[in-house]
Structures are given as structure tokens and as C-alpha cells.
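Trainee: My structure is below; once you've seen it, I'll send some questions.
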Amino acid sequence: MPETFSPTDRTRVVREPHRGFYDRETIYKIVDEGFVCHVGFSTNGQSYVIPTLFARIEDAIYFHGSAASRMLRGAADGLPVCITVTLVDGLVLARSVFNHSMNYRSVVALGNATLVEASNEKLTALHAFTEKIVAGRWNDARRPTEKELKATSILRLPLTEVSAKIRSGPVQDDAEDYALPVWAGVVPLRLEAQEPIRDERCDPAIPVPPYAANYTR
């Protein structure tokens, strides 16, 4: 399998093309770090963008869709979708308002998503969802019943038409603005876990599992 996706007219980064990345390693790293993806699709002449839980398994993205969702109405034969994942790494404060920006990593994937029908594939996707949230949780929590599996709708999008765009580094001001008496720099941002909060109906005798007490990203 090639290590780089071939950019198409739809995935080639046009604005700031030097920020475009098409290698599998960069793209998969961004996808695997994100918790939420946004799924764009159209139905009955109306466009929608839905945030949802997702996980990557090998060369496909699996994402959750409610059984009553508009998204599922056309999914049996393949639903054209645009999936995006965005990670914000910092606020870029320039000397001019025009040059303010963000440091970010993003991925756009296009293609036809299809419903996952087989119970074993659904179970594999749910395992991936759970372990992505907190590694080790699958072995502690109750597994889904057959009834729950039937009530769960999961879609699969093969990763074939995909690209990443990344902005990193310092402020980039216009040459004449560097002399302005204005503070400039980057405010780094990161997702940080806080101390776990026990559910009020959770037995106090049950210890906080290490994966929750020491959670890091």
C-alpha cells in the first residue's frame, strides 16, 4: 500500500498549498488523536454537518449514526460524505489583526459511507470507539447485547480520498509591522484531563481504575 495518498482536485490544498500533507502517517496520526469528527452530507436538497464519535480501523473511518438520523436514509447504497477532523494547537497573536491565526492540524476525507450490517464488524467498531476514548475500558465495562447491536447504526468510510492541512510555528507578520509596539506570540493550547468525578451511584469501594486516574493524551 502506498505511503502517500494521491491528491485529487477535491482534496488538493489550494490556499497555502505548503501546508498540505498527503502522507498516510501524518493523516492517520491526526485522525487517531481526534475525539469528534464532523460529517457533512446532503439529503432532500438540504446540507447538514453532524458531529459524532468515530474511530479509525486500518484504512477506514467508522462513525456512529442514530437509527433515526437523516444521514442513514441514503446510506444503504452509499452516502456521499465529507468527514473533517480538526485539532487546535495554539492561538497565533500577530501585530496586525489581519495576520492573527491558529496553529492547527486538520484532515478532510471524502467518499461514500455505507452502513455496517454484520454484528462482528459492529462489535469491532464499538471496541475501537471505546478504546479510543480510554484505552483499557473495553475489558471493564459490560459488552453490548445483541439487542443493543441491532439498535446501533455504524457507518464505514474507506480512506482513499483524503488530505491534511497543518499550520504550525510562530507569528508571520508583514515586514513593516514588526516595528509596532504590540505584543505578539503564540498561546499554546492542549486538551488536559482533570481529576475523575465518581458517579454518585458508583460503589465507593470500587477504586478509580488507573486508566481514569492517570489519563493522559
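The values are calculated or read from the model by the stated rules, or taken from the named source; none is laboratory data. What you are looking at is a predicted structure, and each value in this text was computed from that prediction instead of being measured. Don't worry about glycine lacking a Cβ; one is built from the backbone with ideal geometry, like all the others, and counts go over all protein chains shown. Each accessible area value is taken on the protein alone, full model and side chains, heavy atoms only, with ligands, DNA and RNA left out. Shrake-Rupley method; radii C 1.70, N 1.55, O 1.52, S 1.80 Å.
Trainee: Quick one: which strands (runs of 3 or more DSSP E) lie wholly within region 132-217 and hold at least 1 residues that are closer than 26 Å to residue 17 by Cα and open to solvent by 50 Å² or more (accessible area, probe 1.4 Å)?
Mentor: On the way: elements: 153-158, 161-167, 185-188.
Ranges flagged: 153-158, 185-188.
Trainee: Test residue 11 against the stated conditions and say whether it is within 12 Å of residue 109 (Cα to Cα) and polar (S, T, N, Q).
Mentor: yes
Trainee: In this structure, does residue 210 turn out to be farther than 24 Å from residue 138 by Cβ and out of contact with any Phe, Trp or Tyr (no Cβ under 8 Å at 6 or more places or on another chain)? Give the steps one after another, and end with the answer.
Mentor: Values: farther than 24 Å from residue 138 by Cβ: no; out of contact with any Phe, Trp or Tyr (no Cβ under 8 Å at 6 or more places or on another chain): yes.
Here the answer is no, as residue 210 does not meet what is asked.
Trainee: In region 128-184, how many residues are more than 30 Å from residue 78 (Cα to Cα) and of a type in the set (Ser, Thr, Tyr)?
Mentor: Matching residues across region 128-184 total 2.
Trainee: Counting only residues that are within 21 Å of residue 130 (Cβ to Cβ) and touching a residue at least 24 places away in the same chain (Cβ under 8 Å), which one in region 178-209 is farthest from the chain's Cα centre (by Cα)?
Mentor: 209
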